[in-house]
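Visitor: One structure follows; several queries about it will come next.
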Amino acid sequence: MKKNIIDLKNVAKYYEMGENIVKALDGVNINIEKGSFVAIMGPSGSGKSTAMNLVGNLDIQTKGKIFLDNQETSKLTESHLAQIRGKKIGFIFQSFNLIPNLTVKENVMLPMMFQGIDSEEREDIAEELLEKVELINRIDHYPTQISGGEMQRVAIARALANNPEVILADEPTGNLDTKTGENVIKFLKKLNNEGKTVIMVTHEPELAEAYADVVYWLRDGKIEKVSKHKNRFKIVKQERKFIKKNINRKIKESKK
Ligand code: ADP
Ligand code: MG
């Protein structure tokens, strides 16, 4: 229990549509272990985005309890919750959600404005993050001047702006071709290897099974099954090189 960063306990989300009640989510238990890579799978309309918005505390459940770091979120004030969410969770969306009249760098700087970081430091951090997602040569471009894959990498950099523990990605590859999409996921996996908790919604089972430790399969607002793949050894070559570099650096530092 203590090792989980987010827990949904018997959570439901209902929408009243005239005479009907839409049970977007109908009593689910989701446990997100710190440092894990979790995928939420299921057909369109199965409740994936609803689940994701509740996991990210962007929405309020109709029933059940949600815990963030073992704190029940309904017991926190709206502003306290927003503050915690801003610090702990970074969001990535299918449609990128970049602000069109801000440059790539300004888009990445934006979330830091609400966390009281001065503008010079915001700029430095944004540049570092854009370097990390290999976009340092696009910092002064506007979103319309870059490709879809690049836009999603800007969104990843933006999600990392406040150095969150958790990254939530709702169908991050939904608007990308297969190869570009896989690259985006590899970035997410790299972040996961560095210690971030990653939760990704997808309707592509190959992606879920190749990258996630745990897969929640949703259907009609319910969890159909949960599958676990402890496949951390299946890291791609490039990531292994990255890890090795990091390890070497740490060894070097420890010898100083
Ligand atoms: P998914 O992301 O898996 O495609 P969603 O979580 O977006 O599914 O939606 C699950 C179900 O809840 C769908 O039937 C959808 O139509 C319904 N739904 C989602 N949001 C709303 C809303 N704001 N009002 C009414 N129904 C909604
Ligand atoms: Mg969705």
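None of the figures in this text is laboratory data; all of them are computed from the coordinates on show. Everything numeric here is computed off the predicted structure, so don't read it as measured data. When we count neighbours, we look across all protein chains shown, and the Cβ atoms used for this are built from the backbone with ideal geometry, even at glycine.
Visitor: In debye, nearest 20: dipole of region 4-255 around its Cα centre with unit charges on the Cβ of K, R (+) and D, E (-)?
Guide: On the way: 38 positive and 35 negative charges, 267 e Å.
That gives a dipole near 1280 debye.
Visitor: How would GLU224, GLU253 line up from fewest to most surrounding beta-carbon atoms within 10 angstrom? Please list the in-between numbers first.
Guide: On the way: GLU224 12, GLU253 8.
In order of increasing Cβ crowding within 10 Å: GLU253, GLU224.
Visitor: Identify all aspartates and glutamates with a Cα-Cα distance to LYS252 below 19 Å; exclude those on the same chain that are fewer than 8 residues away in sequence.
Guide: LYS252 reaches GLU194.
Visitor: Among the lysines, select those whose C-alpha is under 26 Å from the C-alpha of LYS222, and discard any that sit fewer than 8 residues away in the same chain.
Guide: LYS222 reaches LYS2, LYS3, LYS9, LYS13, LYS23, LYS34, LYS48, LYS63, LYS65, LYS75, LYS230.
Visitor: Are there GluC sites (Glu not before Pro) in region 52-134 that DSSP puts in a loop and that have at most 15 other Cβ atoms within 10 Å, and which ones?
Guide: GLU134
Visitor: To check you understand DSSP bridge types, tell me what percent of the beta bridges within region 4-255 (both residues inside) are antiparallel, rounded to 5.
Guide: Antiparallel bridges make up about 55 percent of those DSSP assigns within region 4-255.
Visitor: Compare ILE99, ILE40, ILE167 in a GNM of the chain, Cα atoms joined below 10 Å, and give the one with the largest fluctuation.
Guide: Its mean-square fluctuation being the largest, the pick is ILE99.
Visitor: So what is the relative contact order for the chain, in percent, with contacts set as C-alpha pairs under 8 Å and at least six apart?
Guide: 26
Visitor: Using a Gaussian network for the chain with springs between C-alpha atoms less than 10 Å apart, which of these wobbles most: LYS75, LYS13, LYS190?
Guide: Evaluated over the chain, the most mobile residue of the options is LYS75.
Visitor: Most exposed first by the Cβ proxy, i.e. fewest other Cβ within 10 Å, how do THR197, THR180 rank?
Guide: Starting with the residue having the fewest Cβ neighbours, the order is THR180, THR197.
Visitor: Could you give the C-alpha radius of gyration of the chain expressed as a fraction of 2.2 N^0.38 Å, taking N as the number of residues it contains?
Guide: Compared with the compact-globule rule of thumb, the chain sits at 1.03.
Visitor: Pick from ALA12, ALA126, ALA82: which residue has the top mean-square fluctuation in a GNM of the chain where Cα pairs under 10 Å get a spring?
Guide: Ranking ALA12, ALA126, ALA82 by mean-square fluctuation puts ALA82 first.
Visitor: If you don't mind, there's one more thing I want to ask. Taking a cut-off of 18 Å between Cα atoms, list the aspartates and glutamates near LYS228, but don't count ones fewer than 8 places away on the same chain.
Guide: ASP7, GLU33, GLU204, GLU206, GLU209, ASP213
Visitor: Let me ask you something else. Fewest first, what order do ARG153, ARG219 take by the number of other Cβ atoms within 10 Å?
Guide: The fewest-first ordering by Cβ neighbours comes to ARG219, ARG153.
Visitor: Shifting gears a bit: Which net charge results for the neighbourhood of GLU72, defined as the other residues with beta-carbon distances under 12 angstrom from its beta-carbon, given Lys and Arg at +1 and Asp and Glu at -1?
Guide: My count for the surroundings of GLU72 gives +1.
Visitor: Shifting gears a bit: Which whole-Hz couplings ³J(HN,Hα) result when phi for each residue of region 209-222 is put into the Karplus expression 6.51 cos²θ - 1.76 cosθ + 1.60, θ = phi - 60°, listed in order with x for Gly and Pro?
Guide: So the J values, rounded to whole Hz, are 6, 6, 10, 8, 7, 9, 10, 9, 9, 9, 8, 6, x, 10.
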